[in-house]
Amino acid sequence: MGAPVIAFCRLDDKEIRLREPVMSPDALIVQDPTLLHQVDLFSGLDTRGYLLINTTRRYRDLGLGDYVTKFPPHHICTVAASEWAVEFIGKPLPNAAMLGAFSAITRRVKLDSVQEAIRQKFPGELGEKNAAAAGKAYNTIRTN
Amino acid sequence: MLKQMEGSHAVAEAIALCRPEVICAYPITPQTHIVERLSELVQQGEIGNCQYINVESEFAAMSVAIGASAAGARAYTATSSQGLLFMTEAVYNASGLGLPIVMTIGNRAIGAPINIWNDHSDSMALRDAGWIQLYAETNQDAIDLHIQAFRLAEQLSVPVMVCEDGFILTHAYERVDMPDLNQVQAYLPPFEPVQILDPADPVTIGAMVGPEAFAEVRYLSHHKHLQAVEVIPQLASEFAKIFGRDSGGLIQPYRSDDAETVIVALGSVVGTIRDVVDDMREDGVSIGAVKVISFRPFPMLALRAALENAKRVIVVEKAFADGLGGIAVNSVRMALRGLTTPIYTIIAGLGGRPITKDSLLRAFGEATRDELDDPHFLDLNWTVIDHELARAKEKRRSGPIAENVLRDLGLVGGKPV
Amino acid sequence: MAQKIKFYQTGTLTVGNRLLDAENRSVQSTIDRSNSLTSGHRACQGCGEALGARYVVDTAMREADKKLIAVNATGCLEVFSTPYPESSWQVAWMHSLFGNAPAVATGVVAALRAKGRDDIKVLAQGGDGGTVDIGFGCLSGMFERNDDVLYVCYDNEAYMNTGVQRSGQTPPAARTATTPTSGGSKGNVFGQGKNAPQIAMAHDIPYVATATVADLHDLENKVTKAMGIKGARYIHVNVPCPLGWGSQPCDTVRLARLAAETGLFPLFEAEHGAVTDVTKIRRRVPVEEYLRPQRRFAHLFKPKPDVKALAAIQEIADRNIRKYGLLV
């Protein structure tokens, strides 16, 4: 529903000065798989990078069977983020779970940090539920 | 205290720390988050007895600020693009009356065509309205410049606009060091007006001034800007003492001391330019940059000193003058008058088009080889331009340009080209 | 029922004020009136606006215990009262722009509230052009927020300061510089009109009133009442303009009275959108008696009477009389 939205994030240990959109991502998180064949999502994504897709389907069923073979297997994952969101939060808002998955697969941020950030952003019970969804995603990925 | 937050919310918190007494708010993308957050802060009682007025237009917003400031209150508002134009009459009125209002401009392109994304056409359109104009490179800058703006405005009785790039800064989440109230209060004393509507001591504000005195009144405004050139660096160094970081001032050079080529720019693009400079330096190119923070008053002497040894200067701008080229570049030329330094203009980022490192690298490279056209419109789609020019030549009734171009780019369906 | 005797202010030597008890005398007749708009301004001889402003501001000052700030729109009043290097205002007074007087007044009120100075009152004033045309957005906004401002509109029915151009308040058939009567043209159109007091009432603000400079006591009473009410208040004052109307300077007060007595300018008060009181017409007058002394309506009579136009204008008056119940 709505228009396709792209957001960019840069993580670094020193000051980030660059303001251009991320054109060569190290990691790509696809929250809405219906966009897969509507917009050129993978433009600039290096095959050494990470790819996370919010879906319960297999890559083959998404038409990405061949594409994902270019990536190291431990750099890619499908995440049932919307389903876990419904389970933990009651609404199909996949972002928290995707962040948990991101932590698991890239190891660039710790799960604890992700959950703490979630709690700071969303107060009380809402934060806890989202943090739990993130935790679920993290643990599922790490054990696979 | 270090916080990770949206730029506009950071600005709102900084404004709140400055304890404005009247905030007038009218929404326009991309500054709206600032006034929304301020309304929350006012409601929560975070800003004392501050009065938050929801006005019916930007013209009303600036007018309410004028009335409030004339009655002795610290007044604040924010706008962008079309809103700034709509309040233009009042913007000139505020500076003409010498009222120290502070306003945030969330820089956004001016239509037509309507466009909500960033460029500098809005604040550039009002560059000679008598307001001081400061440009923020980062959201930390934005916070710091607003605090300095109140101090500067009230010290000189001149209104100040703090310009920050819409979306790029306003909607970016980044780490900022939010000052605490004690620091701000140590830096910014309570507002002491030079003129005030006071029944106990009545004055007439806003009388007509004829040919016999108008020039003198206007010169005194010019004089304030000349004073500001001295005051701005002073306030910046005071700021550093209290807040512990370098912020504000007229300009900020970056590896430009010994540079053959120096880039001059305003706002967030300076960040990207720093990265480009570093990359090119690594490749052995003698290049540096100068960030202009105070565009009005324009730092003539400081900029000349920073540029006079350069072999060439490139001004990167986010606005332009139809038929002429850049706008900021003219002030740069004035600063370098008498010198024969070649000055290039790169016009980039119009209507929010991303300014990429790659494109700047390419353009700067061409400039260092003196192969760059001037003015250079960065990343312009010449195919589309040529197409449209041909279409207009062929048929008188060629239709609205915007629609034609969008169709050309495949962004709008319908009739085949 | 006891008969109410009304004393009319018809000149400075009127007997009326001296016969009244001290507390019923007008502000203008008291020696300690503020003289807010003092002599030396550059208004035309017989200017209805200068008269109205003096009445209004002095009354407001008395009611506010001299703690008043006035915000003025661009226009005749602003220009003739502040010719550089002089100002004839003896009150705290500000002029910003043409269309923003209501908004500036809102700002002043906000500042005073922020500083805990609710004891200082704010008056905004402007002509018809500044109020109902270019300032309309700001006026409506001020009403909608119910800001604690008394706004007074001095209506001389055209943009007089700039040379008598038509405004949204210019009556039908009137000659102005942009609704000429040369070459057989008929002056201003018979349009919809813009009933500013009614529009103010439509905002349900606490107090709306109309008044003229013919009845000093009535105007002062209405200002007094308004100053005792909090929130957005609006008073619309009919102020003849000898220059723009083509009338004799000595006729200003008489024409203002005729405007009311024809029914063309109904006098009433309203609170929260409902009319609470009207001033009945003591002696009804046909519109011709009001129109004849004004050269802006000369084409209605010469070379021959424009019977149709005169009848249409009479119908406007009749309609007002019916609508407001103006006859005794």
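Please work out the C-alpha center-to-center distance from the stretch A:64-140 to the stretch C:223-301 and express it in whole Å.
After rounding, the separation between the Cα centres reads 73 Å.
Once the Cα gyration tensor of the stretch B:2-243 is diagonalised, what are the square roots of 5 times its eigenvalues, in whole Å and ordered largest first, as equivalent ellipsoid semi-axes?
For the stretch B:2-243, the ellipsoid semi-axes come out as 26, 21, 18 Å.
Compute the FRET efficiency between C:Arg254 and C:Arg282 as 1/(1 + (r/R0)^6), taking r as their Cβ-Cβ distance and R0 = 22 Å, and round to the nearest 0.05. Each step should come with its number before you reach the end.
Details: r = 14 Å, r/R0 = 0.65.
Once rounded, the FRET efficiency stands at 0.95.
In whole angstrom, note down how far apart the Cα centers of the stretch C:113-137 and the stretch B:1-42 are.
Between the Cα centre of the stretch C:113-137 and that of the stretch B:1-42, the gap is 27 Å.
So if I place +1 on the C-beta of Lys and Arg and -1 on the C-beta of Asp and Glu, and nothing else carries charge, what would the dipole magnitude of chain C be about its Cα centre? I want it in debye, nearest 20.
700
Just for the stretch B:2-243, what percent of DSSP beta bridges are antiparallel, to the closest 5?
The antiparallel proportion sits near 20 percent.
So for the stretch B:61-145, taking the charge dipole from beta-carbon charges (+1 Lys/Arg, -1 Asp/Glu), which of B:Phe86, B:Gln133, B:Ala68 sits furthest toward the positive end?
Farthest towards the positive end: B:Ala68.
What ratio of Cα Rg to 2.2 N^0.38 Å holds for the stretch C:141-238?
That ratio works out to 1.26.
Please average, across the residues of A:11-17, the number of beta carbons from any other chain that are within 10 Å of each residue's own beta carbon, and give a whole number. Don't skip to the answer; put the middle values down first.
Working: counts 0, 0, 0, 0, 6, 5, 12.
Per residue, the number of nearby Cβ atoms from other chains is 3 on average.
Would you calculate the separation in nanometres between label points at C:Tyr84 and B:Ala112, each defined as 7 Å from the Cα along the Cα-to-beta-carbon direction?
For C:Tyr84 paired with B:Ala112, the spin-label model returns 3.9 nm.
Compute the separation of the alpha-carbon centres of the stretch B:245-284 and the stretch B:315-336 and state it in Å as a whole number.
18
Sticking to Cα atoms, compute the Rg of the stretch B:245-335 to one decimal and its Dmax as the biggest Cα-Cα distance, whole number, in Å.
Calculated on Cα positions, Rg and Dmax stand at 12.7, 42 Å.
Could you grab the relative contact order for the stretch B:1-48? Cα pairs under 8 Å, six or more apart, rounded to a whole percent. Write out the running numbers ahead of the final one.
Working: 26 pairs, mean separation 21.6, N = 48.
It rounds to 45 percent for the stretch B:1-48.
Per 10 Å bin from zero, what fraction in whole % of the C-alpha pairs of the stretch A:1-54 is there, up to the bin with the longest pair?
20, 53, 23, 4
Just for chain B, what percent of DSSP beta bridges are antiparallel, to the closest 5?
25
Looking at chain C, I'd like the Rg to Rh ratio, where Rg is from alpha-carbon atoms and Rh is Kirkwood's inverse mean 1/r.
With Rh from the inverse mean 1/r over Cα pairs, Rg/Rh is 0.95.
At 27 angstrom or more along the helix axis (alpha-carbon based) and mean Kyte-Doolittle of -1.0 or higher, what helices does chain B contain? Whole DSSP H runs only.
B:214-243
Among B:Ala321, B:Pro179, B:Pro30, pick out the residue whose Cα is farthest towards the positive end of the charge dipole of chain B, where Lys and Arg carry +1 and Asp and Glu carry -1 on C-beta, about the Cα centre.
B:Ala321
Calculated FRET efficiency, B:Arg369 and B:Arg337, Cβ-Cβ r, R0 41 Å, to nearest 0.05?
The computed FRET efficiency comes out at 0.95.
Please pull out the direction-averaged projected area of the protein assembly as shown, using the convex hull of its alpha-carbon atoms, in nm² to one decimal place.
46.9
Radius of gyration and Dmax for chain B's Cα atoms, expressed in Å?
When restricted to Cα atoms, chain B yields Rg and Dmax of 22.1, 72 Å.
Per residue of C:69-79, how many C-beta atoms from partner chains lie within 10 Å of its own C-beta, taken as a mean?
3
Between C:Glu144 and C:Lys194, what is 0.36 nm times their sequence separation minus the Cα-Cα distance? Round to one decimal in nm.
16.2 nm
Considering chain B as a Gaussian network with a 10 Å cut-off on Cα pairs, which listed residue, B:Pro100, B:Pro20, B:Pro199, attains the greatest mean-square fluctuation?
Of B:Pro100, B:Pro20, B:Pro199, the most mobile in the Gaussian network model is B:Pro199.
Report the relative contact order of chain C, percent, no decimals, based on alpha-carbon pairs under 8 angstrom and at least 6 residues apart.
In percent, rounded to a whole number, it is 16.
Taking the number of other C-beta atoms within 10 Å as the exposure measure, put C:Trp93, B:Trp131 in order starting with the fewest.
Sorted ascending by nearby Cβ count, the order is B:Trp131, C:Trp93.
Determine, from the Cβ-Cβ distance of A:Thr47 and A:Asp12 and an R0 of 25 Å, the FRET efficiency 1/(1 + (r/R0)^6), rounded to the nearest 0.05.
0.65
Let me know the volume per residue of the alpha-carbon convex hull for the stretch A:80-144, in Å³. Could you put the intermediate results ahead of the total?
Values: hull volume 4.1 nm³, N = 65.
Expressed per residue, the convex hull around the Cα atoms of the stretch A:80-144 is 63 Å³.
Of C:Tyr84, C:Tyr55, C:Tyr234, which is the most mobile in a GNM of chain C whose springs link Cα atoms less than 10 angstrom apart?
Looking only at C:Tyr84, C:Tyr55, C:Tyr234, the biggest GNM fluctuation is shown by C:Tyr84.
With +1 on each Lys and Arg Cβ and -1 on each Asp and Glu Cβ, and nothing else charged, work out how big the dipole of the stretch A:102-144 is about its Cα centre, in Debye to the nearest 20.
The calculation lands at about 200 debye.
If I model a spin label at C:Asn35 and B:Tyr173 as a point 7 Å from the Cα along the Cα→Cβ vector, what separation in nanometres do I get?
6.8
Once you charge only the Cβ atoms, +1 for Lys and Arg and -1 for Asp and Glu, what is the size of the charge dipole of the protein assembly as shown about its Cα centre, to the nearest 20 debye?
That gives a dipole near 2520 debye.
I'd like to know which of A:Ala7, B:Met208, A:Cys77 lies farthest towards the positive end of the charge dipole of the protein assembly as shown, counting +1 on Cβ of Lys and Arg and -1 on Cβ of Asp and Glu.
My answer, from the dipole projection, is B:Met208.
List nothing, just return the count: lysine pairs in chain A, 8 or more apart or interchain, with Cα separation under 28 Å.
So the count works out to 13.
Please give me the summed charge of the neighbours of B:Met103: other residues whose Cβ is under 12 Å from its Cβ, Lys and Arg +1, Asp and Glu -1.
Working: positive: none; negative: B:Glu58, B:Asp122, B:Glu164.
Once positives and negatives cancel, what remains is -3.
What do you get for Rg/Rh over the stretch B:127-191 if you use C-alpha atoms and the Kirkwood form of Rh? Numbers along the way, then the final one.
Numbers: Rg = 12.8 Å, Rh = 12.8 Å.
The Rg/Rh ratio comes out at 1.00.
Viscosity 1.567 mPa s, temperature 4 °C: what is the translational diffusion coefficient of the stretch C:97-142 from Stokes-Einstein with a Kirkwood Rh over Cα pairs, rounded to a whole number of µm²/s? Kindly include the intermediate steps, with their values, before the conclusion.
Working: Rh = 10.9 Å.
Stokes-Einstein gives a translational diffusion coefficient of 119 µm²/s.
Using C-alpha positions alone, give me the convex hull volume of the stretch A:27-143 per residue in cubic angstrom.
101
Using a simple spin-label model with points 7 Å from Cα along the Cα→Cβ vector, what separation in nm is obtained for B:Leu361 and A:His74?
Between B:Leu361 and A:His74, the simple spin-label model gives 3.1 nm.
P(r) tail for the stretch B:158-295, what percent of Cα pairs lie past 26 Å?
Value for the stretch B:158-295: 48 percent of Cα pairs lie more than 26 Å apart.
Please report, to two decimal places, log10 I(q)/I(0) for the stretch B:1-74 at q = 0.14, 0.15 Å⁻¹ as given by the Debye formula with identical point scatterers on the Cα atoms and no solvent.
-0.43, -0.49
Please identify, among B:Ala149, B:Ala289, B:Ala321, the residue showing maximal mean-square fluctuation in a Gaussian network model of chain B using a 10 angstrom Cα cutoff.
B:Ala321
Where a number appears in this text, it was derived from the coordinates with a stated rule and is not lab data. Owing to the predicted nature of the structure, the values given are computational and were not obtained by experimental measurement. Note that we place each Cβ from the backbone using ideal geometry, even for glycine, and neighbour counts take in every protein chain shown.
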